[in-house]
Amino acid sequence: MVQIKRLNSTDNNFNQALQQLLAFDTIMDESIDATVAKILTDIKTRGNAALIEYTRQFDHVHASSIEALELTRDALHQSLSSLPNEQRQALELAAKRIRTYHEKQTASSWHYQEDDSTMLGQKVTPLDRVGLYVPGGKASYPSSVLMNAIPAKVAGVKELYMVVPTPHGEKNDMVLAAAAISEVDRVFTIGGAQAIGALAYGTETIPQVDKIVGPGNAYVAAAKRRVFGIVGIDMVAGPSEILVICDGKTHPDWIAMDMFSQAEHDELAQSILLTPNADYLNQVAQSIDQLIDTMPRQNVIRAALENRGALIQVQNLEEACAIANTISPEHLELSVDSPELWVDKIRHAGAIFMGRHTCEALGDYCAGPNHVLPTSRTARFSSPLGVYDFQKRSSLIQVSQQGAAKLGEVASVLAYSEGLQAHARSAEYRIKA
C-alpha cells in the first residue's frame, strides 16, 4: 500500500500542512558547487585541452581533439534513417505540431509616429547563437531536443549548437534524429558542467553562445546558475509537478496513472489531486495501490508519492482553483465537466490541460505547446519556454526637432531634480537648436 498523504481543506492546520507539502529544499550541495566552480574556471582558462580531459575523465571518451567530438550532419541524418518507421514518424509528427504552435508566437517589430513626426517603436531580433544541453547515454530525451530547438529556429536563431554526453561512446539515435529534424547546426558529444562552460565562455573550437537552454543533472544546473549573466539561461528547473483537479467523474485509474506520469521522473517529483468527492479519493488511492506494481519504475513512483504526493479533499471546485493558484503547479489538469468554465479562475500554472482526455503526457511529447515549464511555484511569475525566449527587443527612438524642444524641457527638469546636470544640458542643447 502506498502511504500517500491525505489532507482536507477544512482542517484547522490545512494551510500549514499544504506549505509543508510544497516546501522544497533548493540549497545546493556545496561540494557540487565547488566542483563545478573548478571545472568552469578550468574550461575558461584552458579551453579545448581542459574539455578533452574532462570528457575523458567523466564520459570515458578518448579524443585527441574537439573536432573528433563533433558529429556531422550526415551522422545525424544517418541516425534518423536508422530509426524504425514508427519512431521516425512519431518524431516528425511531434516536430510538425510543435513548429506549428510556436510559429504563432513570433513577435514583429512595430513603430508609431507622433504629431510632431517623432517616431517611437520596437525592433525584434533573434539571438545570434544558442546552446542546447541534452542529457545523453542511456537517457533518451528526444522530446527535449524538439521542444528547445524548434522554438529557437522559429525565432530565427542562426546558429544552434547542441551538446550531448556519450558515456563510453554510447550515442542515442532518437536524440540525434531529433537534432536532424530540428535542424540543429552543430552537435558536440560533450556533457556535464564542462559542456556548459564551453558554451558560456567559448573555446578554440566552440564559439561562445548567447543563451543556454535544456535540462541536466545537478552539476549542469549548478553550472547554469554560475554562468548566468555571462550568457542567458532558460531556467534552473526543480522537480517535476502535476496537480489534478477532478470532479470525481473521471475513471480513477486514469487519474492514478496521470499522477504516476510525473512521479516516475524522480523521488522528488510531486503529484497532487484535489477533489470535493471524499469517496473518489478512496477510489484513486485504491487505483494507485492496484496499478503501482505494474510499473517498471514503481520504486521511484512510490517514493515520490509518499514523500511529496497528496490526495486533498476540498469543499468545491471553486476552492480547488483557489488552492491551485497557491500551488502554482508546473502541470495542471482540469479533469472536469466543461473545463472552459473553470480555466479563467486559474491564474498560475505552467500548462493547463483541459478535459478528461487531455493527459499531461500528450503535452510532454506532441500536443504542440512547449513542455519546458516553470516549477517550484515560479509559474507565479514565469512562462513556458517559447519563441520569445530566443528573441530580444530593442527600443526605437527618433525624435524630431519639434519633439526635441518639447521633450527637452521635460528631461531637463527631471535631470536637475536628480542632480544630473550633464543630462539636463544635453537635452537643453536640443531645445536651443
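The values are calculated or read from the model by the stated rules, or taken from the named source; none is laboratory data. These numbers come from a predicted model, not from an experiment. Methodologically, a virtual Cβ is constructed for each residue, glycine included, from the backbone with ideal geometry; neighbour enumeration extends over all protein chains shown.
Just for the range 137-154: of the residues that are among the small types (Gly, Ala, Ser) and crowded, with 24+ Cβ neighbours inside 10 Å, which one is nearest to Ser79 (Cα to Cα)? Give the steps one after another, and end with the answer.
Start the filter on the range 137-154 by keeping residues that are among the small types (Gly, Ala, Ser), which leaves 137, 139-140, 143-144, 149, 152.
From the residues that got through so far, the ones that are crowded, with 24+ Cβ neighbours inside 10 Å too are 149, 152.
Details: Ala149: 17, Ala152: 22 Å.
Checked the range 137-154; the qualifying residue nearest to Ser79 (Cα to Cα) is Ala149.
May I ask you to list the residues in the range 56-79 that are more than 19 Å from Lys153 (Cα to Cα) and part of a helix (DSSP H, G or I)?
Matches in the range 56-79: Arg56, Gln57, Phe58, Asp59, Glu67, Ala68, Leu69, Asp74, Ala75, Gln78, Ser79.
Could you tell me which numbered condition Leu120 fails, if it satisfies all but one of (1) in contact with a helix residue (DSSP H, G or I) (Cβ under 9 Å, 6 or more places away or on another chain); (2) modelled with pLDDT of 95 or more?
Answer for Leu120: the failing condition is (1).
I need the full set of residues from the range 175-189 which are surrounded by fewer than 20 Cβ atoms within 10 Å (Cβ to Cβ) and either more than 22 Å from the chain's Cα centre (by Cα) or over 23 Å from Glu204 (Cα atoms) (or both), in order please.
Glu183
Would you mention how many residues in the range 80-95 are surrounded by fewer than 16 Cβ atoms within 10 Å (Cβ to Cβ) and not in a helix (DSSP H, G or I)?
1
Can Leu7 be described as outside any helix (DSSP H, G or I) and surrounded by 11 or more Cβ atoms within 10 Å (Cβ to Cβ)? First the steps, then the outcome.
Numbers: outside any helix (DSSP H, G or I): yes; surrounded by 11 or more Cβ atoms within 10 Å (Cβ to Cβ): yes.
Against the criterion (outside any helix (DSSP H, G or I) and surrounded by 11 or more Cβ atoms within 10 Å (Cβ to Cβ)), Leu7 qualifies.
If I filter the range 96-111 for residues that are outside any helix (DSSP H, G or I), in contact with a Lys or Arg (Cβ under 9 Å, 6 or more places away or on another chain) and under 22 Å from Leu160 (Cα atoms), do I get at least one hit?
Yes, some residue in the range 96-111 is outside any helix (DSSP H, G or I), in contact with a Lys or Arg (Cβ under 9 Å, 6 or more places away or on another chain) and under 22 Å from Leu160 (Cα atoms).
Within the range 223-241, is even one residue touching a Gly at 6+ places or on another chain (Cβ under 7 Å), in contact (Cβ under 8 Å) with a residue 40 or more places away in the chain and small (Gly, Ala, Ser)?
yes
Would you check if Asp253 is acidic (Asp, Glu) and more than 18 Å from Pro374 (Cβ to Cβ)?
On the way: acidic (Asp, Glu): yes; more than 18 Å from Pro374 (Cβ to Cβ): yes.
Spelling it out, Asp253 is indeed acidic (Asp, Glu) and more than 18 Å from Pro374 (Cβ to Cβ).
Any chance you could count how many residues in the range 293-305 are closer than 28 Å to Leu317 by Cα and either touching a Leu at 6+ places or on another chain (Cβ under 8 Å) or surrounded by fewer than 18 Cβ atoms within 10 Å (Cβ to Cβ) (or both)? If you could, list the steps in order and put the result at the bottom.
At the first step, the residues of the range 293-305 found to be closer than 28 Å to Leu317 by Cα are 301-302, 304-305.
Among the residues that remain, those that are also either touching a Leu at 6+ places or on another chain (Cβ under 8 Å) or surrounded by fewer than 18 Cβ atoms within 10 Å (Cβ to Cβ) (or both) are: 304.
Qualifying residue count, the range 293-305: 1.
How many of the residues in the range 329-378 are small (Gly, Ala, Ser) and closer than 19 Å to Ala269 by Cα? Can you show your working first?
Here is the first cut: in the range 329-378, the ones small (Gly, Ala, Ser) are 335, 338, 349-351, 355, 361, 363, 367-368, 376.
Subsequent filtering for residues that are closer than 19 Å to Ala269 by Cα retains 349-351, 361, 363, 376.
Of the residues in that region, 6 qualify.
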